[in-house]
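Heads up, the thing below is written out as structure tokens.
The values are calculated or read from the model by the stated rules, or taken from the named source; none is laboratory data. From a predicted model like this one, the values you see are computed outputs, not experimental measurements. Cβ sites come from the backbone with ideal geometry, for glycine too, and all protein chains shown count toward neighbours. Accessible surface areas use protein heavy atoms only, side chains included; no ligands, DNA or RNA. Shrake-Rupley method; radii C 1.70, N 1.55, O 1.52, S 1.80 Å.
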Amino acid sequence: MALSCSSLCSHLSLVRLCGLRTNTITNGLYSPYVSWQPRSCLCRQYSSSTGRRGIGRFVSSRIRWANTKYEGFLKRRFPRFYQLYHTFVEGFKLLFQDAKDVKRIKTKMFSDGIKFQDLPYREMEKLRQFRRDMIKAVPLVMISIPPFANYLVFVLMYFFPRQLLIPHFWTPRQHVEFRGVYHSLRTQHHRPVLKELEHLSCQIKDAQLQGRLKELCAKVQSGANPNVSEILAVRSLFSRPPLGLMTMSVAHMRHISPLVFLTPRLPGFLIGRRLNSHALELLQLDRALSRLGPHQLSDAELRQACFVRGLNSDSVGVYQCREWLSRWLQVSTSLKDSEVSLLLHSIVILSANFPNGPSCH
């Protein structure tokens, strides 16, 4: 009897604490007041949180439904406008994803003490491209902040996509078209760079090196593709005057800047600093790519890598891109930091006549 009473009391204590249902207790020994108050509190908490989640799911589903209907309407009635709208939305998704990736990389660099040159190739390329994209994207983001300003962005996308938008907001067809335009602007500086290189060769005192550089320039100007060994044979000339990056003339630097998509409309000392920084960054990228192995790149990554280094990669096949990138890496991975001037000149030397036919005279 004592055992049963003690177990019953403990059972009642559990009921008080936990607010269990009344049908587990004998009617004669249970007071409804014991568990009514805590159970009502639990019910209120449960119902309020459940209600909020239910309202959130309902609102979210209705927004998705309305957005789907709106996109379907645009696609049926205004197909060209829908393409712009779809490109705009998907572009922002890609941009935000890149921002998350960059934040993750930066956090890893800070927490683990990793330097830029020690990052894997894809992370280095992500940081490099994102920085360049942000410089161009900031005006677009600022314009789109006010209400209904996205319609102005649509107009800009339609009339000035190449000048104002970053590649995130280009259609696949525009990617190919605009890279062709940028490459044609770049090739306009091939001949001036080669002419200046030929002119500067006369200032070289070493007769053997002078002859090699003149032969290299003549070979490129005749429409032929030089060998890697012929390029590396003159690399020592590009670490000292007059071909060293920080010692060459401002006029020569102004022709080299567009080869790497830098503006030449700056004071000479700024052009030299930007070229040196960009060339060292490109050299570090090449070393990381060599560690990864160019065969690890996807076709899209391969074409982008070749385009950045001077080749019109959309006009040649994937196999030719791999062949050209392999020759580029043979040159770049053999250079010291002090010889980055040759890396910039190689944009012309290696790509001017590839795969065939001259492009600089």
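Points worth noting:
- Per residue value of the accessible surface for segment 88-141 (all protein chains in place, 1.4 Å probe), Å²: 62 Å²
- Descending Cα extents along the principal axes, segment 265-353, whole Å: 40, 27, 20
- Within the accessible area of segment 240-361 (1.4 Å probe), percent carbon and sulfur: 54 percent
- Viscosity 1.306 mPa s, 10 °C: Kirkwood-radius Stokes-Einstein D of segment 74-212 over Cα pairs, µm²/s: 85 µm²/s
- Within the accessible surface of segment 82-147, defined with a 1.4 Å probe on protein heavy atoms only, the carbon and sulfur portion equals 66 percent.
- Distance between modelled label sites at Leu266 and Ala99, nm, 7 Å Cα→Cβ extension: 2.5 nm
- Based on Cα contacts under 8 Å between residues 6+ apart, segment 290-361 shows a relative contact order of 29 percent.
- Once the 1.4 Å probe is applied to the protein heavy atoms, segment 254-361 comes out at 39 Å² accessible per residue.
- Taking a straight Cα-Cα cut-off under 16 Å and skipping sequence neighbours fewer than 8 places away in the same chain, the lysines within cross-link reach of Lys108 are Lys100, Lys126.
- Computed magnitude of the charge dipole of segment 212-321 (debye, nearest 20; Cβ of K, R +1, Cβ of D, E -1): 460 debye
- Whole-Å distance, taken between Cα centres, linking segment 79-108 and segment 258-300: 24 Å
- DSSP-loop trypsin sites (Lys or Arg not before Pro) across segment 238-317, with at most 12 other Cβ within 10 angstrom: Arg265
- Convex hull per residue volume in Å³, alpha carbons only, for segment 191-278: 98 Å³
- Straight-line cross-link partners of Lys336 among the lysines, defined as a Cα under 19 Å from its Cα and at least 8 positions apart when in the same chain: Lys115.
- Sites matching trypsin sites (Lys or Arg not before Pro) across segment 174-250 that sit in DSSP coil, with at most 13 neighbouring C-beta atoms within 10 Å: Lys205
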